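Okay, structure first, notes after.
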Amino acid sequence: MKGRKLLMIPGPIEFEPSVLGVMSEPTDSHVSPEFIECFGRALDMLKEVFFASKCQPFVVAGSGTLAMEMAVVNLIEPGDKALVISAGYFGNRYYDLLLRCGAEVKILNASIGDVPTLELVEKTLRENHFKLVTVTHVDTSTAVRTNVQEIAKLTHQYDSLIVVDGVAAAAGEPMFQDEWGVDVYLTASQKAIGVPPGLAILMVGPKAMEVFHSRKTVVRNYYPDFANWLPIMKAYQARQPSYFGTPPVNLIRALEVSLGFILAEGMERRFARHVRIGRAFREAMKSLGLKLVVQREDIAANTLSAIYYPDGVDQNILVEISRQGVILAGGLIPDIRNRYFRVGHMGSINQGDLLATIGAIEAGLKKSGYVFEIGAGLKAAQQALLE
Ligand SMILES: *Cc1c(COP(=O)(O)O)cnc(C)c1O
């Protein structure tokens, strides 16, 4: 397709044509039997995607930030203590958000490209009791992945709820919600879930629902109140009509199609594909002599990468790479915003997309005057992919 560019940012991502196609069909009534069945099936499929048979799904119109907000406004009451485990920009956003809810908040930070250690998390949990702990599964600003399974164990041990911002990880990085005991896992449609922006998605476990039901104060914000949405979700799950706020009908139809693709691939295969693609991409960048923002391979995200520009190269390279047909994202962490770029490699990305992206980065580097062996990145990626 002449003039078509590949969108390789960490959301929105490239969407399957049939996901986009279904969105262009006439908008149905939100209480038609066909739509009720479609929404009900989408909610059922979410439980499979997140291995969350015990959890209550919520899907509402909004972006990932609404999902973040919805999780905590329903669980926090003024004066409650909360802990934020941050690995960058989105961890810091949770700090601001929790303050706004009236929580007493402590935040654990790490140097850029690292995560707070499990020892520090444990020490902090031992010294104070927190009602709730938030963790960013993959921080999209640094491409750092946190060990959600181990942190969930610690929060259980110290009797706190764990809320995981999985916006840049969900349906790409392994996550087994029932087994790991994640109380709330949240995401948005436009990342690895593979649906255009506009859906906030939360999976809420039994313990978190209990904490919500035993609140002493009403949720101050009307729209995100679980009390308003729980009967609606339960109605769609039971294939009954209901109404609180009009659901984004076309997006929900697209969600059903995309979740169908995800489950047809199979979660284990999908996780393995993300690992293979992520590793191949990192190998390519290293072979070009570029440095990743993430400090260690064992905490590198598989859904996206963040890469420092080499000496003599700046963000103008993104314009050149876009001319080569691939759109990439700039930096997000204020301290180093203009020193690195980000590449999304999640969702229905295939090896061709990956190689095209690496090729465009090589072309951009060459045009920026950077000296390297042309094809070194492509070769490293091919080697990793064919291993
Ligand atoms: C994208 C993202 C968000 C915010 O989602 P929006 O849809 O942009 O509001 C939150 N957390 C993480 C980890 C993200 O990647």
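The values are calculated or read from the model by the stated rules, or taken from the named source; none is laboratory data. All values reported here derive from a predicted model rather than from experimental measurement. All Cβ positions, even for glycine, are placed from backbone atoms using ideal geometry, and neighbour counts span all protein chains on display. Remember, those area values only see protein heavy atoms, side chains included, never the ligands or the DNA or RNA. Shrake-Rupley method; radii C 1.70, N 1.55, O 1.52, S 1.80 Å.
The residue list T142, L98, I193 was ranked by how far each Cα lies along the charge dipole of the chain toward its positive end, using unit charges on Cβ atoms, and T142 comes out on top.
According to a simple spin-label model (label point 7 Å from Cα along Cα-to-Cβ), what is the distance in nm between N221 and K286? Rounded to a tenth, the inter-label distance reads 4.0 nm. For the stretch 10-118, the spherically averaged projection of the C-alpha convex hull amounts to 10.0 nm².
Using the empirical formula 2.2 N^0.38 Å as the baseline, the Cα radius of gyration of the stretch 84-182 reaches a ratio of 0.99.
By definition, a body whose alpha carbon gyration tensor gives a ≥ b ≥ c is prolate when a/c is 1.5 or more and a/b is larger than b/c, and the stretch 281-328 fits this prolate description. Restricting the calculation to alpha carbons of the chain gives Rg and Dmax of 21.0, 64 angstrom. Dipole orientation for the chain: of the candidates F281, V73, V184, F281 has the Cα lying most toward the positive pole (charges on Cβ; Lys, Arg +1; Asp, Glu -1).
With helices as the sole contributors, the chain gives -13000 deg cm²/dmol at 222 nm; each DSSP H run of n ≥ 4 counts as -39500 (n - 2.57), and the sum is divided by every residue. The tail of the calculated P(r) for the stretch 68-127, taken as Cα-Cα distances beyond 17 Å, holds 40 percent of the pairs. Expressed as a whole percent, the accessible area of the chain that falls on carbon and sulfur atoms is 52 (1.4 Å probe).
Ranked highest first by the average count of other Cβ atoms within 10 Å around their residues, in what order do 252-261, 161-170, 51-60 fall?
Values: 252-261: 22.8, 161-170: 28.4, 51-60: 19.9.
Going by the mean number of other Cβ atoms within 10 Å, highest first, we get 161-170, 252-261, 51-60.
When only alpha carbons are used to place a centre, the stretch 206-238 and the stretch 52-95 end up 14 Å from one another.
D for the stretch 208-309, whole µm²/s, Stokes-Einstein with Kirkwood Rh over alpha-carbon pairs at 10 °C and 1.306 mPa s: what number? Write out the running numbers ahead of the final one.
Values: Rh = 18.1 Å.
Result for D is 88 µm²/s.
Ordered from largest to smallest accessible area (heavy atoms of protein chains, 1.4 Å probe), the residues T65, T187 come out as T65, T187. Counted over the stretch 324-375 with a bin width of 5 Å, the fraction of Cα pairs per bin, in whole percents, is 4, 17, 22, 23, 20, 11, 2. The magnitude of the dipole of the chain, with charges of +1 and -1 set on the Cβ of Lys/Arg and Asp/Glu and taken from the Cα centre, is near 500 debye.
Once you have the Cα-Cα distance between R100 and E150, take 0.36 nm times their residue separation minus that, and quote the gain in nm to one decimal. Present the calculation step by step, with values, prior to reporting the outcome.
Working: separation 50, 0.36 × 50 = 18.00 nm, distance 2.81 nm.
Residue separation times 0.36 nm, minus the Cα-Cα distance, leaves 15.2 nm.
Of the residues D114, D298, D80, the one that moves most in a GNM of the chain with alpha-carbon contacts below 10 Å is D298. Net charge in the neighbourhood of S287 (other residues with Cβ under 11 Å of its Cβ; Lys, Arg +1, Asp, Glu -1) is 0.
Overall, the ratio between the Cα radius of gyration of the stretch 125-203 and 2.2 N^0.38 Å, rounded to two decimals, is 1.12.
Using a 1.4 angstrom probe, figure out how much accessible area the chain has per residue, in square angstrom, rounded to the nearest whole. Display every interim value, and only then the final one.
Details: 15740 Å² over 387 residues.
Computed with neighbouring chains in place, this is 41 Å² per residue.
For the chain, calculate the relative contact order in percent as a whole number, restricting contacts to Cα pairs under 8 Å that are 6 or more residues apart. Walk me through the numbers before you get to the answer.
On the way: 811 pairs, mean separation 92.8, N = 387.
Relative contact order of the chain: 24 percent.
Taking 26 Å as the straight-line reach from the Cα of K367, the lysines in range (excluding those fewer than 8 positions away in the same chain) are K2, K5, K286, K291, K379. Shape of the stretch 301-387 from its Cα gyration tensor (a ≥ b ≥ c, root eigenvalues): rounded if a/c is under 1.5, otherwise prolate when a/b > b/c, or oblate? Oblate shape, in that a/c is at least 1.5 and b/c is the bigger or equal ratio.
When the residues W180, W229 are ordered by accessible surface, computed with a 1.4 Å probe over the protein chains alone, the sequence from largest down reads W180, W229.
Within the listed set N92, N221, N74, the Gaussian network model of the chain (springs between alpha-carbon atoms below 10 Å) gives the highest mean-square fluctuation for N221. Simple rule: put +1 on each Lys or Arg Cβ and -1 on each Asp or Glu Cβ in the stretch 229-334, find the dipole, and look at L304, I317, P247; the Cα lying farthest toward the positive end is P247.
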